[in-house]
Amino acid sequence: MDELYRLGHFLKGSSATVGLTKVKDSCEKIQRYGKRENVDGTPEPDAELCLSRIKSTLAILKSEYAEAEKALKNFYDDKSVKY
């Protein structure tokens, strides 16, 4: 759980830096669940519930990442044509 917290935190910061808001929000959820918290920051003592929430959020995150990757590739492909 601690490693999931750290990874969520790291990825949240990285995605926020490049403006990937949906990805950032999902990473923040993973960070909170890894810290055994609910989305609002209140404690959640049920580790199994947190892991279940992480799995669900990870599925959403993968979709959001794919969407962001496609948009970024399209953006940079368009830019490279203009040079």
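Read-outs: derived from the displayed coordinates by stated rules, not from any lab. Because the structure is a prediction, the values reported are computed rather than measured. Positions of Cβ are generated from backbone atoms using ideal geometry, with glycine treated the same way; all protein chains shown enter the neighbour counts.
Assorted remarks:
- Residue check for GLU48: among the acidic types (Asp, Glu) and either closer than 25 Å to ALA68 by Cβ or touching a residue at least 60 places away in the same chain (Cβ under 8 Å) (or both): no
- Of the residues contained in the range 58-66, one or more are found to be charged (D, E, K, R) and either surrounded by fewer than 12 Cβ atoms within 10 Å (Cβ to Cβ) or without any contact (Cβ under 8 Å) to a residue 12 or more places away in the chain (or both).
- Summed over the range 1-38, residues that are within 8 Å of the chain's Cα centre (by Cα) and touching a residue at least 12 places away in the same chain (Cβ under 8 Å) total 12.
- Scanning the range 18-41 for residues that are buried (at least 19 other Cβ atoms within 10 Å of the Cβ) and part of a loop (DSSP other than H, G, I, E, B) yields one hit, LEU20.
- Scanning the range 42-57 for residues that are surrounded by fewer than 18 Cβ atoms within 10 Å (Cβ to Cβ) and closer than 15 Å to LEU7 by Cβ, we see that the one that is farthest from the chain's Cα centre (by Cα) is LEU51.
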